[in-house]
Amino acid sequence: FKELREEGLGALHKVHLSSGTGTLKASAEHLSDETKAEGEKASVQTSKPKKKSNQRQPQLIKDLDLSGKGVSKSLKDFVSEKNPATNIERTAVFIYYMQNILNLSEITVDHVFSCYKNIGVRLPQNLPQNLNDTASSRYGFIEVDNGKYTVSILGINLIEHDLPRKE
């Protein structure tokens, strides 16, 4: 089997030519047994354990007031006015709201988590990845600096000029 692996099918051809029929059958059975053993080893080695997230779960910020008291409108009203279609847009709307309406200077993943919980929509399966995607070069709606999020110029233009989307 080692020769077969190193030399390819040419090694198998050599076995056919140099072996008698009885020996060939035994050689094929031997190769078959080795192949099974190698396959079992490979399947054991290639099965990967599930990745465990080394990131902590986002926490609800209880003292974050999203009800609109003291500001022009609540988060729910703002989101329904802007009508974001995707979680990427929704995340950008949340950060815009907290930065420009609530005047928060340090927005974290916990703030965004609290916004999702407040408006009652399904959370993204991986919220940190959602934030990374929203900040990625593909969208660029937010910027991240040391775990703190701010809305970018692209995000401002999206929220102030493009949302809600015209049908």
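The values are calculated or read from the model by the stated rules, or taken from the named source; none is laboratory data. Just so you know, these numbers come straight off a predicted model, no measurement behind them. Reconstructed Cβ throughout: ideal geometry from the backbone, glycine too, with neighbour counts over all protein chains shown. Just so you know, the surface numbers come from the protein's heavy atoms only, side chains and all, with ligands and any DNA or RNA stripped out. Shrake-Rupley method; radii C 1.70, N 1.55, O 1.52, S 1.80 Å.
Is one or more of the residues making up region 112-130 among the charged types (D, E, K, R) and part of a helix (DSSP H, G or I)? Walk me through how you get there before you give the answer.
Within region 112-130, the subset among the charged types (D, E, K, R) is 117, 122.
Still in the list and also part of a helix (DSSP H, G or I): 117.
Within region 112-130, one or more residues are among the charged types (D, E, K, R) and part of a helix (DSSP H, G or I).
Would it be correct to say that residue 92 is more than 21 Å from residue 128 (Cβ to Cβ), of a type in the set (A, V, I, L, M, F, W, C) and touching a residue at least 40 places away in the same chain (Cβ under 8 Å)?
No: the conditions fail for residue 92.
I'm told residue 103 meets every condition in (1) within 19 Å of residue 163 (Cα to Cα); (2) at pLDDT 95 or above except one. Can you identify the failing condition by its number?
Unmet for residue 103, out of (1) within 19 Å of residue 163 (Cα to Cα); (2) at pLDDT 95 or above: (1).
Tally time: how many residues in region 135-162 are open to solvent by less than 10 Å² (accessible area, probe 1.4 Å) and over 17 Å from residue 104 (Cβ atoms)?
Looking only at that region, the number is 1.
Check off (1) of a type in the set (Gly, Ala, Ser); (2) in a loop (DSSP other than H, G, I, E, B); (3) in contact (Cβ under 8 Å) with a residue 12 or more places away in the chain for residue 137 and give me the number that stays unchecked.
Only one criterion is unmet by residue 137, namely (3).
So which residues in region 67-95 are part of a helix (DSSP H, G or I) and farther than 21 Å from residue 106 by Cβ?
If the condition is that a residue be part of a helix (DSSP H, G or I) and farther than 21 Å from residue 106 by Cβ, then 76, 77, 79, 80, 81, 82, 87, 88, 89 are the ones that fit.
Against the condition of a type in the set (Lys, Arg) and under 15 Å from the mean Cα position of the chain (by Cα), how does residue 138 come out, does it pass?
When the stated conditions are applied, residue 138 passes them.
Going by the conditions given, is residue 50 open to solvent by 100 Å² or more (accessible area, probe 1.4 Å), more than 24 Å from residue 152 (Cβ to Cβ) and at pLDDT 90 or above? Outline the logic, then answer.
On the way: open to solvent by 100 Å² or more (accessible area, probe 1.4 Å): yes; more than 24 Å from residue 152 (Cβ to Cβ): yes; at pLDDT 90 or above: no.
Criteria not met by residue 50.
Please state which one of 146, 130, 126, 118 is of a type outside the set (A, V, I, L, M, F, W, C) and under 23 Å from residue 72 (Cα atoms).
Step by step, each of 146, 130, 126, 118 is checked, and only 118 is of a type outside the set (A, V, I, L, M, F, W, C) and under 23 Å from residue 72 (Cα atoms).
Quick one: how many residues across region 62-93 are touching a Pro at 6+ places or on another chain (Cβ under 9 Å) and either among the aromatic types (Phe, Trp, Tyr) or more than 20 Å from residue 124 (Cα to Cα) (or both)?
Selection size over region 62-93: 1.
Among the residues of region 145-154 satisfying the criterion of being touching a Ser or Thr at 6+ places or on another chain (Cβ under 8 Å) and at pLDDT 95 or above, which is nearest to residue 101 (Cα to Cα)?
149
Output the residues belonging to region 79-108 that are in contact with a Gly (Cβ under 8 Å, 6 or more places away or on another chain) and either basic (Lys, Arg) or crowded, with 21+ Cβ neighbours inside 10 Å (or both).
Hits for region 79-108 are 92, 95, 96.
Could you tell me which numbered condition residue 75 fails, if it satisfies all but one of (1) open to solvent by less than 40 Å² (accessible area, probe 1.4 Å); (2) touching a residue at least 40 places away in the same chain (Cβ under 8 Å); (3) under 20 Å from the mean Cα position of the chain (by Cα)?
Going through (1) open to solvent by less than 40 Å² (accessible area, probe 1.4 Å); (2) touching a residue at least 40 places away in the same chain (Cβ under 8 Å); (3) under 20 Å from the mean Cα position of the chain (by Cα) one by one, residue 75 breaks only (3).
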